[in-house]
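What follows is a single structure, written as structure tokens, with notes after it.
The values are calculated or read from the model by the stated rules, or taken from the named source; none is laboratory data. Bear in mind the structure is a predicted one, so any value in this text is a computation, not a measurement. Cβ atoms come from the backbone with ideal geometry, glycine included; neighbour counts cover every protein chain shown. Please note that ligands, DNA and RNA were not included when accessible areas were found on the heavy atoms of the full protein model with its side chains. Shrake-Rupley method; radii C 1.70, N 1.55, O 1.52, S 1.80 Å.
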Amino acid sequence: MRTILDAVDAPAHDAFVEKKSEFIGDAAHVGSLDEALAFVETIRERHPKSRHVAYAAVCGGADGRVAERMSDDGEPSGTAGKPILDVLRANDLTDCVVAVTRYFGGILLGSGGLIRAYSTGASIAVKAARMAAIVPCRRYLVSLQYPQLSRFQQMLAAVDGVQSDETYAADVTLVASLPVGNAERFEAMVREGFNASVTPEPLDVVNRAIPVG
């Protein structure tokens, strides 16, 4: 799966005009459906004279459970929220929200025209967004002597890993996170590189967003 990296306070953004109606797409990363609703309200506040602000949001998926929410916001049923949601599904996206704002231009588009317009509004917002792949990562607790740290960091970088939660005391303790598919290689590199004097302790598997494109 993938997600959008753009924050709610600086969403990905694009717009187009269809038969004098302007459609504005905004896309952002969210951690929950409540956060998605709050984002939509900020979009409404930015466009107080707009006729409609339709949206769709998707959250979850790591454990097989996906939560979705959408709204036509006064457009005919199925002509706004559903097309936006279909764009999120087609792009295999999660933990994100897309809102499409419409300024009515006085010309009716019909159901088919509305579906195409809201789908386009969502698509251009997604296209403008910064994307990340959601990758399952194994986390390890690692204890190192200070002279070993630089070499360990080189090994970690070689397997697309990152470090966090560093504690600098008599030794260095940190948490290393790397794609599950690189775990065996990482363990072998550390074991051989430090003659078994460093033993990463497996913790758990978490999802990490890795920027793509």
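Can we say Gly161 is within 16 Å of Cys137 (Cα to Cα), free of Cβ contacts under 8 Å to residues at least 12 places away in the same chain and not basic (Lys, Arg)?
Numbers: within 16 Å of Cys137 (Cα to Cα): yes; free of Cβ contacts under 8 Å to residues at least 12 places away in the same chain: no; not basic (Lys, Arg): yes.
Here the answer is no, as Gly161 does not meet what is asked.
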Next item on the list: List every residue pair whose Cβ atoms lie under 9 Å apart, where the two residues are 6 or more positions apart in sequence or sit on different chains, the first residue falls within region 196-213 and is without any contact (Cβ under 8 Å) to a residue 12 or more places away in the chain and of a type outside the set (Gly, Ala, Ser), and the second residue, located anywhere, is outside any strand (DSSP E or B) and open to solvent by 50 Å² or more (accessible area, probe 1.4 Å).
Entry: Thr199/Glu187; Thr199/Arg191
Next item on the list: Would you confirm whether any residue within region 101-115 is within 20 Å of Thr3 (Cβ to Cβ) and without any contact (Cβ under 8 Å) to a residue 12 or more places away in the chain?
Entry: no
Next item on the list: With the condition kept exactly as written, say whether any residue in region 64-86 is within 19 Å of the chain's Cα centre (by Cα), open to solvent by less than 10 Å² (accessible area, probe 1.4 Å) and in contact (Cβ under 8 Å) with a residue 24 or more places away in the chain.
Entry: yes
Notebook entry, point to check: Would region 36-55 turn up any residue that is without any contact (Cβ under 8 Å) to a residue 40 or more places away in the chain and within 14 Å of the chain's Cα centre (by Cα)?
Noted result: no
Checklist line | The listed residue being open to solvent by 70 Å² or more (accessible area, probe 1.4 Å), out of contact with any His (no Cβ under 9 Å at 6 or more places or on another chain) and not in a helix (DSSP H, G or I), out of Ser164, Ser197, Ser177 | finding: Ser197
Next item on the list: May I ask you to list pairs of residues, at least six apart or on different chains, whose Cβ atoms are under 8 Å apart, with the first in region 3-16 being open to solvent by 40 Å² or more (accessible area, probe 1.4 Å) and the second being in a loop (DSSP other than H, G, I, E, B)?
Entry: Leu5/Ala129; Leu5/Arg130; Val8/Val30
